[in-house]
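The values are calculated or read from the model by the stated rules, or taken from the named source; none is laboratory data. Just so it is clear, the structure is predicted and the values come from calculations on it, not from any experiment. We place every Cβ from the backbone using ideal geometry, glycine too, and count neighbours over all the protein chains shown. To get the accessible areas, we keep the full protein, side chains included, count just its heavy atoms, and leave off ligands, DNA and RNA. Shrake-Rupley method; radii C 1.70, N 1.55, O 1.52, S 1.80 Å.
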Amino acid sequence: MELFSESLTVVGRVFTILPLLLIVTLFMGKRSIGELPVFDFMIIITLGSVTGADIAEPNVHHIPIAVAIVALGVLQRVVSQWSIVSRRFGKMVTFEPTVVFYNGEFLVPQLKKIRYSLDNVLQMLREKDIFDLSEIEMAIIEANGRLTVLKKSAQQPVTRQDLQIRTASTGLSLPVIVEGKICKEALKYRERDEGWLLQELKKSGVAIEQVFLATLNRQNDLLFFEKHPDNPQRVPPVQH
């Protein structure tokens, strides 16, 4: 009998707390479920924990949980409004955009600063339908963790379409060196060997230990990026 009573209590809480949670989430606005800045993410996690505890534990008092949900929604609304009014405060409660690739170079210190690996960035570029790094001018990890890419003007699809110019695709660029280590399978697929690769690097006066990433496209054009270039790029200040 006691188990049946507790089950009815849980069902009753589901039908009362979830509509309240929906109302509070709609009150918080689209911002809370869209890009999810850091503070909003914390609020969502806390709301989930509070709601879960209320539903799963019949001994928890129901009214204080409801008050906590409303308070969290109001707090999020106040902080998001304050972030709009005060740019300085807005920067304090979220991340800054980070330029990770600019003018033909990977910015290795920037990647380490935000703890993104090369594999993370390459995957995000592929998700943007970019398989050849020579196509891009700049890549930015935004405050929400997503990647924004500025392509070179010659690679803008609208420009090619407007001028009706047919350009041969360079195809998929395969990484043949990743952080100083040779990827033998990629070299073999492109019908090249380590000797050829080392010779190409030697022509440019670069040791393999200095290479952060090197790729080969369909035409076997070697494109490489150094870990510590002699003339580091001046990165444009990207703001929110």
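Details
- In the complete set of protein chains, residue-level accessible area for Arg146 is approximately 140 Å², probe 1.4 angstrom.
- Among the GluC sites (Glu not before Pro) within the stretch 182-238, those in coil by DSSP and having at most 13 neighbouring Cβ atoms inside 10 Å are Glu191.
- For the listed residue pairs Lys91/Lys151; Lys202/Lys227; Lys181/Lys227; Lys112/Lys181; Lys203/Lys227, the alpha carbons are over 22 angstrom apart in Lys91/Lys151.
- Cβ-derived FRET efficiency at R0 30 Å, Leu172 paired with Gln81, nearest 0.05: 0.05
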